[in-house]
Structures are given as C-alpha cells and as structure tokens.
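Structure first, commentary second.
The values are calculated or read from the model by the stated rules, or taken from the named source; none is laboratory data. Nothing here was measured: the structure is a model prediction, and the numbers come from that model. Note that we place each Cβ from the backbone using ideal geometry, even for glycine, and neighbour counts take in every protein chain shown.
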Amino acid sequence: MQKYKPEKIEKKWQDYWEEQGIYKTSDDGENSVVKDGVKKEKFYLLDMFPYPSGDGLHMGHTEEYVATDIYARYLRMNQKNVLYPTGWDAFGLPTENYAIKTGVHPKIVTKKHTDNFRRQLKSLGVSYDWSREIDSSSPEYYKWTQWFFLLLYKNNLAYKKKAKVNWCESCQTVLANEQAEGGICERCKKEVAQKDLEQWFFKITDFADDLINGLDQVDWPSSTVTNQRNWIGRSEGTMVRFEIALAPQGRTSSVASSSSRNDLFPQALEVFTTRVDTLFSCSFLILAPDNLLVETITTDEHKKEVEKYVQETRKKTNLERTDLQKDKKGVFTGAYAINPANNEKIPIWISDFVLADYGTGAVFADAHDERDFEFAQKYNIPLKVSIRPQDDELWQKVKNLEECFSGDGILINSEQFDGLTSSEARTKITDWLIENNLGDKKINYKLRDWLISRQRYWGAPIPVVYDPEGTAHPIPEKYLPWLLPTDVEFKPTGVSPLAKSKEFFERTEKIFGKGWTPEIDTMDTFVCSSWYYFRFADPKNDKEFAGAEAIKQWLPIDMYVGGAEHTVLHLMYARFFTKVLHKLGLINFNEPFTKLHHQGTILAEDGRKMSKSLGNVINPDDVVKQFGTDTLRLHIMFLGSFEDKKPWSSKTILGPRRFLEKVWQLFEKISDDYKDKQKDNETLLHKTIKKVSEDIQSLDYNTAISAMMILVSDMEKRGGVSKNAYSTLLQLLAPFAPHISEELWNQLGNTNSIFLQKWPKYDETKIKITNVTIVIQINGKVRDRIIIPIDIEEKEIIKIALACPIIQNFVGTKKIQRTIYIKNKLINIVI
RNA sequence: GCCGAAGUGGCGGAAUUGGUAGACGCGCACGACUCAAAAUCGUGUCUCGCAAGAGGUGAGGGUUCGAUUCCCUCCUUCGGCACCA
C-alpha cells in the first residue's frame, strides 16, 4: 500500500461526490423516501451565507462550514432528508469601494470573489447542495427583495420620513453606522456630522412584543437571547402629565403676538418614567434640546440663552454628545410646570443628556437619579427626597443631600403613599394618576424603526417612483425586478450614484410618464439577508419568493450556525420578516431559527485577532496544500470547544495528521484470518460508537475525535483489526475526514460510497462491563483503588476495602464514623 | 457604568444531576532503529519530596463525608450595550 498522500485522493472524491449527486437534496422522490416507504425526516441545516470578500475564506468560515458539514454528513448517514445549502450575501459596500478604487464593475468583482469562495468551499469538502446556490445581487434574487419591500409597503409597514443620518462633509456621502464608528469617518478619518434626510423605514417596532415573546420558544445561546432582549429594551412604566404653568410676564412678543402660536400653546407635557414612586420629590423637568416644545414654552427672557444652547448641541457630533465624562450642561427655559402629585410649581430646563427620540424626549428630575442629582447640584436647583434607604448610615447622607440614592426603599414625604415600598408605590401611584386623569400605564422600547435607505450603488433599488408632484408610488409587481442601472459613476459625489443614471430616469419616464422620477436610494443589505433562508427551499421559483409547499416541507430551520458578532441585527431583522409573513398568514410558524449556534473565533497563534495589518492571518488554502483537507478539518475541530474562541496552532496540527496516517497504516493490519472476535476490543469499539454519535449531536467534535484516537491506538497495540471493526471506524471517521474514509472504504472493495451507509449502531450489551474500579477514600481523599465485579453491595465493599493494607494503615484502630457508598464508583470511609 | 461569557500543567484543552482533576493532542526528556539526521516506535511527563506523603483547577471565605462543579465577596481577561429616564 502506498503512503498516505491527501493531494492524490481529495480532489478525486470531491468530483465523485458531485457527479454522483450525493449531496443533492430532493424535495420529493427517491431521496426523501426510504425503501420501506417511510418518509425521511427533514432537517434544514443552515450556515449564515457569507459575504464574498476579496480576501477569500478565512479560518472562521472554515471552522463554521466544516462543523456544519460534519453535522450534515452525520444526518444523511442517519437517514435524514437534509437541506444544506449556501449562497452569497453579495451586495455591500466593500465591493463598491473596490469598484470606486479600480473602476471595475461590482458585478465583475462579485463574480470573481464568489468563484473563489466556491472553489475554496469545494476544496474543503463541504457538502453543500450547489444546485441551490443563490446570489443576493442577481436580479432573479433581488426581484423578491423588492417584492418584500412592496409587501411591507402595502401593509403599512414601510414608510418615508425625515431622519438624521451620518454625513461626512469631506467625502460628500452618507455613511453606514459601521463606517462612522466613534463618530469618525472610516475613510478620511474626519468627524461625522448629523444630517436630516428623507429616508425609508420598516416598522419593526410594531413587532417589539412579538420579538420578545418569541425568544421563549427558541433554543438559542442565552447570551444571544439576552442581547436581543436588551436591544429591544422593553420597559414598563408610567406616563405622567404635567400641566404647564403659564408665566404671565413671560412669552410676550414672539409667542403671544402670533395668535396661531397662542392657540397651539400646550396645556400639558407628558413624561415617561419607570420610577413613578419618586414623583413626590420631583423638583424640575428636563427636555431634550430638539424637543419640539422647547421653542413654544421658552420665555423671552431666556430665549437667547436657550437658542444658543440648542445651536451648540446641534453642532455636536455623536461622539461628543454621548461623552459621559463631560459634565452635564443645560439651560433654564423660564417656563414652569405643575407636579400633579403635590401641585408644586417646578422649573423646566433643557439638556442634551435627555434623548429626543426615547419616551417623549422629556424626563422628570429628582434626587433619586444620579444624573438629575448631579445636574441639580451644578445649577443649584433645590432638591428633596422621597425614598428612604434601609441603611441608616446611608440615610443620614441621603437626607442631607450629600449623596444620591437611586435604589428602591420606603416612601416618605409622599402624603398618602408614605410607608409603601418603592414597588408597591409604583403600582399605587400609577393607579391614582389614572383615576385622576393625570397619567397612564405605558410601555417603552429602545428599539427604533429600521432605516433601510442607503445612498449607495451596490444594493437592491427601492421599488418606488415619484410622480411630478413628488408623491411616492410603489412600482407594480409586473415591473420587477426593478433593475439596478449600469450606466453610473461610482465616485462619491454626495448623492446616490443612481441619480446619475440616464437609463434609470428614461426607463421611469417611459413606463410611468413624463416628469416621473425613480427613487435613487438602494436598500440596506440586511434586507437581502432577512429572507434568504426561504429562498433555499425553492431557489428557482420565478412566481413566488418560495412556493408554499416548499416552505412547508423545509422551514423553519432546524439548526442555524454563524458568528456571534452581527447576530443582534441580522437575527432581529430576519425574525421580523418571518413575523410579518406569519401575521399576513403566508406561513404557519413565527420563529425562523429553532436552534442556533455560534462558532468561537479562531485567533491567531499569538492569541490576538487574525488581521491583515498584524500579518498573522492563516489562509486555509495554504494549510490544505501542506497537510490536506482532512487534516485541516480534523485539526480545526480538535482545537477546542466549538463555541469557544481559541487560538490557531501550526504545531499541534501534526497530531491530527499523525492520527490519519495511523488510520491509513492500520489498513495493512486488517486480517480476517485472525480470530477477529477475540482480537477486537468490542467494548471499546461500541463505547466509541456511542461517544462519537452523542458528541456529534451536541457539536462536541473535539472529544469525538479524541475518542476515535483512543480507539485507533488500541487497534494498533493489538497488532490487528477485523475488517468489520475497521469498517466501523471508517464510518465514524467519515463525517470528519470524508476523503480518506471514502478512499479506504473503496480500497476495502466497497463499490458504494461510504456516505450511503447507515450510521453504525452500538450494542448496549457489548458496552456493559462486568468489573468496575472502586475508589477508596478516607475522609474524602483517594487512598486506594480496587477492581471488583459490578453491583456489589456496600457491606461487601467495606469488608474488601478494610482488608487493603494501605487502608489498614490509615484506619488502624480508629473508629469509623460513617461510610458513604456511591454504587460502582467509590466508597468514602470517614474516621 | 450595565449585561453576558470565561479563568484548570510548558501550550491547546478534557472532566459538572457534587464522587478517581489533567482524557486526547502538542511540546519536552530518555530509550530503540540509523553512520547520522528526519520520520517512526516505546517509556515518562501537575508541583514539592529519595520515599512515605503533602499541596494543587484566578484569590479569599462558606455549605458538604467529598467542591473545577453549588453559595457569598473580590480580582483578571474577553465580548456586547453604552446618559433609554
């Protein structure tokens, strides 16, 4: 037999599997029916489809796809009908930037990159069903992305409004949040400002509660569930109405002189709070500078100062505005409000630590909030307390306003509510406010509607046109796909590149009439990735985004795998789309991803992140070339637990390679002339079948590999192995190292692929052991071990244990206080 | 600051309804083979100790016959959110 040379066998079997259609999923027919007529159980296994970057596949991809591939192969060998597809999340900014730099069209760049990704994936032996490949930048795909936009629009879930966006003055373009991290433009390193623009939004906030409730039904990592909950940020509280006290000498000229303004003058202002128990100590109100009420309520006397402050905050960048270190500044408006709890007249201030777009853009302030406390001290606003902490020492300080107490406690200075606990008071005060028409229960969310407009080229055009009056009209479905024009300049000019397309505008006028113009923004690429998992069920359908039957057969996804870094947004958006479809009665489930796993990051050998700038990136292609695909697959799974981050090691990869060499060498030692039954260690073999099967199901691939290593070492030591036992070993190894397993399987004389075999079953009777090692402890310390037949009773064990010389030494004449016996495990003698 | 995850040999990591800590792999040491080296094989490898034994899973306490595992306090690292009233 020749030496193990992976480069000679791997390509061969990859081609063979593809020719034989081993990975192909069929919706019906042979593949989904077992011989006896029983329908195979479906399993939809999905990787987050990759963005095909110019760097090619990195180690994180490799880890993820090899892990799911092992799972897919295991499922198929267990007679599951598996849908395991992939495709390309191909729209996006890096490709567009590359086009700007080089002048090469993004379509050509994308083709180049996806070709490379596909080649790499195939060389890793990943068993995707390539007949279902999708590309989100192809018209066949984005036709349906646009269809989804129209669906949302028709159901009042898509709307246009003015919104603040990140604007880089130097680049003359809008930036995505990721490009404006820390308020600095990624490209020119200059500060990013806020700018108001008309933008399209999806009404994801309508589904806030559904998105929270659904989290109870899914089997996801708890940290991801928590992150989603925090992101939605549901908080229950109370809306309190404060009457505005008209200051008679105040707003004379500008407000009073304008009669229309006078009519509009607000009677009351609403404030959201989760701490209504502190209402009696409320000493002032603070509004966000961009709250629309600011202009109306400010008195002439304070007008100048307020305007100056508002101007200043408008100029601030995001970075400055959220800088916590800076102390809180604000100005008095001259206006007053009435505290509904005690009818006290309290001043209204403005400050930019109050956010305009959360709650009502106004807060009530008191001594029981750190920020309010600090603010009041700075501007000498008188405070009082209404919550008494348990701790007396703390109470002395709080009472004298030396320290802020923001926890729950007992109410004081709160009239009929005195003596209640904070949580009791929150209910009772709210009820009282409702009875007196002074407030309401209210639930607030941090979640905002999803801004999907992008002033970019490489994305799906928003299917909207404007009539000559500027009113938006959805494009009728029959004109989809609403094609992305090709006659554009990529160089950033401050407007969407589509604005420069002659063809695009001519097309619009031709179809809709003179003076009609197209929407020139494209959609956020997250829109494309919010529904792609439906498309795999029916990727060639040109009548629907996916046929109802196909959806029914395959969805929801049984296991979804991808990195933990972008999952809050992507998973949220994808769940939102599913919930929309469910609400509209188009599907009968409301969570798309039943089970979710995140792979841990593969760090560089030095423990840092792999990055081009650090020069510590390992390219999977190089590893395949040097060691072979099977070794790479085994090694990356053997590095550690799938969900933990772990450093790459170019040294320890020798271990898995040696292991495969041993498996290869072992072929020479197959002998059916031996009395195989005696030769094989059947207990170990069946234990290994059990261990590997269980570990694959829980993605504990590292320990599964370790179990196979133990089995192979044992076979080696015995100097021979039966063909049966060796065949079983190859079957266990096949999902992990498919090429070598298929090769050796073939050399055994099998004509069928190993992947058409049934997964080995273990025999419970062969695992059953007759002798066990019992640990003898004295006072909880291990002193000796004895091997005895299984299931011996305690009395018997004590007798045997006490007969051991070592134990006798320890016990001597001391009295035995008690003994603890754990059957077939240990005996602990307490003296 | 808040939320979450994690801290185990020289290194990557095993082990949890509380029951033999360090599986498996790398590295290292010694031995075999070799003119030699590589490769391969064998033996050993938590620390201290000749040994008997003692100590040991980030630190300190607690519960228990027994704690890497459960509880409390603290430290460190990583990830996410970041003035959300």
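Data overview
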| quantity | calculated |
| --- | --- |
| Residue in the stretch A:363-385 that is out of contact with any Leu (no Cβ under 6 Å at 6 or more places or on another chain), under 24 Å from A:Ala245 (Cβ atoms) and assigned to a strand (DSSP E or B) present | yes |
| Condition check for A:Ala564: assigned to a loop (DSSP other than H, G, I, E, B), touching a helix residue (DSSP H, G or I) at 6+ places or on another chain (Cβ under 9 Å), at pLDDT below 95 and within 16 Å of RNA strand B (Cβ to nearest atom) | yes |
| Residue in the stretch A:769-788 that is surrounded by 11 or more Cβ atoms within 10 Å (Cβ to Cβ) and assigned to a helix (DSSP H, G or I) present | no |
| Unmet criterion (only one of (1) surrounded by 20 or more Cβ atoms within 10 Å (Cβ to Cβ); (2) without any contact (Cβ under 8 Å) to a residue 60 or more places away in the chain) for A:Lys329 | (1) |
| When residues of the stretch A:712-723 are limited to those that are assigned to a helix (DSSP H, G or I) and more than 10 Å from RNA strand B (Cβ to nearest atom), the one farthest from the chain's Cα centre (by Cα) | A:Arg718 |
| Any hit, the stretch A:792-807, residues being in a loop (DSSP other than H, G, I, E, B) and under 30 Å from A:Glu682 (Cα atoms) | yes |
| Residue within the stretch A:491-510 that is within 30 Å of A:Ile551 (Cβ to Cβ) and of a type in the set (Asp, Glu) present | no |
| Residues of the stretch A:724-756 classified as under 22 Å from A:Leu699 (Cβ atoms) and not in a helix (DSSP H, G or I), total | 4 |
| Lone qualifier among A:Ile705, A:Ile696 - being under 17 Å from A:Tyr74 (Cβ atoms), touching a residue at least 12 places away in the same chain (Cβ under 8 Å), of a type in the set (Val, Ile, Thr) and away from RNA strand B (no atom under 12 Å from the Cβ) | A:Ile696 |
| Given (1) out of contact with any helix residue (DSSP H, G or I) (no Cβ under 9 Å at 6 or more places or on another chain); (2) farther than 14 Å from A:Met523 by Cα, index of the condition A:Lys160 fails | (2) |
| Hey, A:Glu236 within 16 Å of RNA strand B (Cβ to nearest atom), acidic (Asp, Glu) and within 30 Å of A:Leu584 (Cβ to Cβ) or not | yes |
| Residue count for the stretch A:402-421, restricted to those that are free of Cβ contacts under 8 Å to residues at least 12 places away in the same chain and under 39 Å from the mean Cα position of the chain (by Cα) | 0 |
| Within the stretch A:599-633, considering residues that are within 12 Å of RNA strand B (Cβ to nearest atom) and among the β-branched types (Val, Ile, Thr), the one surrounded by the most Cβ atoms within 10 Å (Cβ to Cβ) | A:Thr631 |
| Selection count, the stretch A:648-667, where residues are farther than 23 Å from A:His61 by Cβ and either surrounded by 20 or more Cβ atoms within 10 Å (Cβ to Cβ) or in contact with a strand residue (DSSP E or B) (Cβ under 7 Å, 6 or more places away or on another chain) (or both) | 3 |
| The lone exception for A:Arg426 - which of (1) at positive phi; (2) touching a residue at least 12 places away in the same chain (Cβ under 8 Å) it fails | (1) |
| Residue match in the stretch A:590-612 (condition: in contact with a helix residue (DSSP H, G or I) (Cβ under 6 Å, 6 or more places away or on another chain) and assigned to a strand (DSSP E or B)) | yes |
| Failed criterion for A:Lys825 (all others in (1) within 11 Å of RNA strand B (Cβ to nearest atom); (2) within 46 Å of the chain's Cα centre (by Cα); (3) within 19 Å of A:Leu684 (Cα to Cα) hold) | (3) |
| Sole exception among (1) within 30 Å of A:Val225 (Cα to Cα); (2) among the aliphatic types (A, V, I, L, M); (3) away from RNA strand B (no atom under 16 Å from the Cβ) for A:Ile670, by number | (1) |
| Matching strands (runs of 3 or more DSSP E) fully within the stretch A:413-529 where at least 2 residues are out of contact with any Phe, Trp or Tyr (no Cβ under 8 Å at 6 or more places or on another chain) | A:439-444 |
| Scan of the stretch A:192-233 for residues that are part of a strand (DSSP E or B), closer than 28 Å to A:Asp558 by Cα and within 16 Å of RNA strand B (Cβ to nearest atom), ordered by number | A:Asp219 |
| Qualifying residue in the stretch A:775-791 (condition: within 16 Å of RNA strand B (Cβ to nearest atom) and closer than 30 Å to A:Leu666 by Cβ) | yes |
| Count - residues of the stretch A:409-430 that are under 21 Å from A:Met239 (Cα atoms) and of a type in the set (Val, Ile, Thr) | 4 |
| Hits in the stretch A:493-517 - residues which are within 27 Å of A:Ala99 (Cβ to Cβ) and touching a helix residue (DSSP H, G or I) at 6+ places or on another chain (Cβ under 7 Å) | A:Leu498, A:Phe504, A:Thr517 |
| Test: residue in the stretch A:553-561 that is touching a residue at least 12 places away in the same chain (Cβ under 8 Å) and more than 30 Å from A:Met59 (Cα to Cα) | yes |
| Sole residue being acidic (Asp, Glu) and within 23 Å of the chain's Cα centre (by Cα), chosen from A:Asp644, A:Asp695, A:Asp622, A:Asp630 | A:Asp644 |
| Residue among A:Leu355, A:Leu401 that alone is in a loop (DSSP other than H, G, I, E, B), modelled with pLDDT under 90 and within 20 Å of A:Val240 (Cβ to Cβ) | A:Leu355 |
